[in-house]
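Below is one structure, written out as structure tokens, with a few remarks after it.
The values are calculated or read from the model by the stated rules, or taken from the named source; none is laboratory data. What you see is a predicted model, and the numbers here were worked out from it, not measured in a lab. Methodologically, a virtual Cβ is constructed for each residue, glycine included, from the backbone with ideal geometry; neighbour enumeration extends over all protein chains shown.
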Amino acid sequence: MPLSLHAAYVPSALQMLGTATHLIDTAEKWGVENECSEGEIIGTRVFEDMLPWCYQIKCVAEHTQGSIEGVRAGVYSPDLNPPPTSFEALRTKIAGAVDAMNALTEDEMEAMIGQPMRFEFKDRGMDFTAEDFLLSFSQPNFYFHCATAYNILRMKGVPVGKMDFMGRVRIKA
């Protein structure tokens, strides 16, 4: 039996959304224990020209829930609004994406296959099919932003390891 688009996308999206939630919780706890303010953690960047930790967490939601909304509309443009600036607001953003992913059905996702999809950013655009957008653009992006959020916490000294990034793997029952 071939792998469905739902099976190829949704479980991985949920895994990284779970990782993002875990990173928020871990960052908050570490901040309290180490007298590091919420604002300092949320605003940390790897390099000055990179976007801050809160933006990385926001993008995990944007490239899961936001990408599905884009496929439904036939066009996706990044949300350029400022990211949430509190742990609680970030949790709420991620929770909304989890709810959206859990609400997707296999039938709905299979019906997306072959639909035209356009990514637009400023004066650039790329045309995709829905499945190619989700699997070759959206999915690498949610992994990238989740890994960057993880790396920022490592850089700050937060004791997170590989399993904190991996999250809930789908082991054989």
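Restricting the search to the range 60-96, which residues are at pLDDT below 95 and either of a type in the set (A, V, I, L, M, F, W, C) or assigned to a helix (DSSP H, G or I) (or both)?
Selection gives Leu80 alone.
Provide a single number: the residues in the range 1-37 that are surrounded by fewer than 17 Cβ atoms within 10 Å (Cβ to Cβ), under 17 Å from Thr85 (Cα atoms) and among the charged types (D, E, K, R).
Final tally of qualifying residues: 2.
Go through the range 67-96 and report how many residues are over 18 Å from Ile24 (Cβ atoms) and either in contact with a strand residue (DSSP E or B) (Cβ under 7 Å, 6 or more places away or on another chain) or surrounded by fewer than 22 Cβ atoms within 10 Å (Cβ to Cβ) (or both).
Selection size over the range 67-96: 14.
Are any of the residues in the range 3-15 in contact with a Pro (Cβ under 8 Å, 6 or more places away or on another chain) and among the hydrophobic types (A, V, I, L, M, F, W, C)?
no
Scanning the range 129-173 for residues that are of a type in the set (Lys, Arg) and assigned to a helix (DSSP H, G or I), which turns out surrounded by the most Cβ atoms within 10 Å (Cβ to Cβ)?
If we filter the range 129-173 for residues that are of a type in the set (Lys, Arg), which is where we start, we get 154, 156, 162, 168, 170, 172.
Now drop any that are not assigned to a helix (DSSP H, G or I), which leaves 154, 156, 162.
Numbers: Arg154: 15, Lys156: 17, Lys162: 7.
Selected residue: Lys156.
Within the range 38-54, which residues are surrounded by 18 or more Cβ atoms within 10 Å (Cβ to Cβ), touching a Lys or Arg at 6+ places or on another chain (Cβ under 9 Å) and of a type outside the set (Val, Ile, Thr)?
If the condition is that a residue be surrounded by 18 or more Cβ atoms within 10 Å (Cβ to Cβ), touching a Lys or Arg at 6+ places or on another chain (Cβ under 9 Å) and of a type outside the set (Val, Ile, Thr), then Pro52, Trp53 are the ones that fit.
State yes or no: is Gly18 touching a residue at least 40 places away in the same chain (Cβ under 8 Å) and not hydroxyl-bearing (Ser, Thr, Tyr)?
Values: touching a residue at least 40 places away in the same chain (Cβ under 8 Å): yes; not hydroxyl-bearing (Ser, Thr, Tyr): yes.
It is true that Gly18 is touching a residue at least 40 places away in the same chain (Cβ under 8 Å) and not hydroxyl-bearing (Ser, Thr, Tyr).
Quickly run through the range 5-49 and pick out the residues that are more than 20 Å from the chain's Cα centre (by Cα) and β-branched (Val, Ile, Thr).
Val32
Just to check your reading of the model, which residue among Gly66, Gly114, Gly74 is in contact with a Lys or Arg (Cβ under 7 Å, 6 or more places away or on another chain) and under 22 Å from Ser4 (Cα atoms)? If you could, list the steps in order and put the result at the bottom.
Values: Gly66 fails: in contact with a Lys or Arg (Cβ under 7 Å, 6 or more places away or on another chain); Gly114 fails: in contact with a Lys or Arg (Cβ under 7 Å, 6 or more places away or on another chain).
Going through Gly66, Gly114, Gly74 in turn, the sole match is Gly74.
For the range 102-114: of the residues being assigned to a helix (DSSP H, G or I) and over 15 Å from the mean Cα position of the chain (by Cα), which is farthest from Thr19 (Cα to Cα)?
Checked the range 102-114; the qualifying residue farthest from Thr19 (Cα to Cα) is Ala111.
Which of (1) assigned to a helix (DSSP H, G or I); (2) surrounded by 13 or more Cβ atoms within 10 Å (Cβ to Cβ); (3) not hydroxyl-bearing (Ser, Thr, Tyr) does Asp99 not meet, given it meets every other one?
The single condition Asp99 does not satisfy is (2).
Report every pair of residues separated by at least 6 positions or lying on different chains whose Cβ atoms are under 7 Å apart, first residue within the range 24-39 and among the polar types (S, T, N, Q), second surrounded by fewer than 17 Cβ atoms within 10 Å (Cβ to Cβ).
Qualifying pairs under 7 Å: Thr26/Asp164.
Could you check, for the range 26-49, whether at least one of its residues is of a type in the set (A, V, I, L, M), at pLDDT 95 or above and either closer than 29 Å to Leu135 by Cβ or not in a helix (DSSP H, G or I) (or both)?
We begin by selecting, within the range 26-49, every residue of a type in the set (A, V, I, L, M); these are 27, 32, 41-42, 46.
Okay, now just the ones that are also at pLDDT 95 or above, so 27, 32, 41-42.
Those still in the list that are either closer than 29 Å to Leu135 by Cβ or not in a helix (DSSP H, G or I) (or both) too: none.
No: the range 26-49 contains no residue that is of a type in the set (A, V, I, L, M), at pLDDT 95 or above and either closer than 29 Å to Leu135 by Cβ or not in a helix (DSSP H, G or I) (or both).
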